[in-house]
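Visitor: Okay, handing you the structure first.
Please treat every number below as a calculation from the coordinates, not as lab data. Here the structure is a predicted model, which means the values were calculated and not measured. Don't worry about glycine lacking a Cβ; one is built from the backbone with ideal geometry, like all the others, and counts go over all protein chains shown.
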């Protein structure tokens, strides 16, 4: 019984996510969400207080996934003893995969998060901050070890994250570059920079 | 007379920009815009067909400004013969100044552009593409000259632009970093990369 309940809630979130993506949060109704799941509106309200709570749970789920996947990716690379470029590439690939897995979510996050009340918005922004902080801590530890130069950690962390986020606006899945290619290019760019290396030309 | 007309149109755009920023495009009315300018609603409609046209003109103005300022910045640096780092820093500063000058506009662009009809949206996106293309052409010419390494130009251009755009989400005017500091840090990061240089430690 408990299992069923959990499944229905997940189905509701899944249907809502798709509907918000298609029509925008504002134009989507709980009636339509429940119709897609094949349950009554009353059954939907058994699981979620209102449409706003559904939006909040969708955002929370995606934000949690990013924080967790990145935490694991950083941990497994720190312990691996692999060369720095491989480590960074692996971490960036994890980020891109998680981020691009649900294009839908990005559209919802960019366009619909404003509909959340301040307290819920703060929870989601808190997760985003957590995500920034753990990447920043990893980069700072590399600086501490002398593995990378000491640069401004805020500028570095945001430049790196934004290079990843911005894919949402330009990356075409199925185009000439795979996500793995992009991660490698970005890791190479950030590690080696643009100036030709002395003695390597 | 013609001068007056132009001033009123500019005042309307200015008031609308502020109002859209405060309340969001959807919640702002042409009645409120005209009231802020101190003209009748009929007078407003003498200048603009409707609220949508006002939104379009606001977006167009800001997009044009970015394209023009960047074109000038690239041209003056290419001709200057200055060291590459100074050139790139100057171009990034111009970008950041133009982009951050009107925080309002960024909010409007991120949140309200979806309200434009497809044909008008395409015009604005065309300007954004023009902006990407001219920066990309500058970077490609540096690669052609051997002034910078040959890297994937798409990844490079978007990484650089996104490092600048993302400031909207984290940069605090009046905080410890000036826009000039940020531009210098980003130029340094992209030119030199993160790995310590041989023989410089």
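Visitor: Near the axis that takes chain A to chain B, which A residue has its beta carbon closest, and at how many Å?
Guide: Value returned for chain A: A:193, 1.
Visitor: Give me the Debye-computed log₁₀ of I(q)/I(0) at q = 0.09, 0.10, 0.12, 0.16 Å⁻¹ for segment A:51-192, equal point scatterers on Cα only, no solvent, two decimals.
Guide: -0.29, -0.36, -0.51, -0.88
Visitor: If one takes the longest principal axis of the Cα atoms in chain A, at what angle in degrees, from 0 to 90 and to the nearest 10, does the Cα axis of helix A:118-144 lie?
Guide: The angle comes out near 20 degrees.
Visitor: Would you kindly work out the equivalent ellipsoid of the protein assembly as shown from its C-alpha gyration tensor and give its semi-axes, the square roots of five times the eigenvalues, largest first in whole Å?
Guide: 37, 34, 17
Visitor: Something else about it: Just to confirm the numbers: residue B:85, label point 7 angstrom along the Cα-Cβ line, distances to the other copies in nm, shortest first?
Guide: 2.3
Visitor: Please state, rounded to one decimal and in Å, the Kirkwood hydrodynamic radius that segment B:1-48 gives when every pair of distinct Cα atoms enters the mean of 1/r.
Guide: 10.7
Visitor: When you take every Cα atom in segment B:111-201, what is the radius of gyration, and what is Dmax, the widest Cα pair distance, in Å?
Guide: So, for segment B:111-201, Rg and Dmax equal 16.9, 57 Å respectively.
Visitor: What is the distance in Å between the Cα centroid of segment B:142-201 and that of segment A:61-101?
Guide: Result: 22 Å between the Cα centres.
Visitor: Can you give the angle from 0 to 90° between the axis of helix B:179-192 and the longest principal axis of chain B, with both taken from C-alpha atoms, to the nearest 10?
Guide: Here the helix axis deviates by roughly 40 degrees.
Visitor: Here's another thing I want to ask about it. Could you tell me what % of all Cα pairs in segment B:129-171 have separations over 11 Å?
Guide: Considering segment B:129-171, 65 percent of its Cα-Cα pairs are separated by more than 11 Å.
Visitor: If you don't mind, there's one more thing I want to ask. Compute the helix-to-body angle for A:84-101: its Cα long axis versus the longest principal axis of chain A, expressed 0 to 90° and rounded to tens.
Guide: Helix A:84-101 and the main axis of chain A meet at about 20 degrees.
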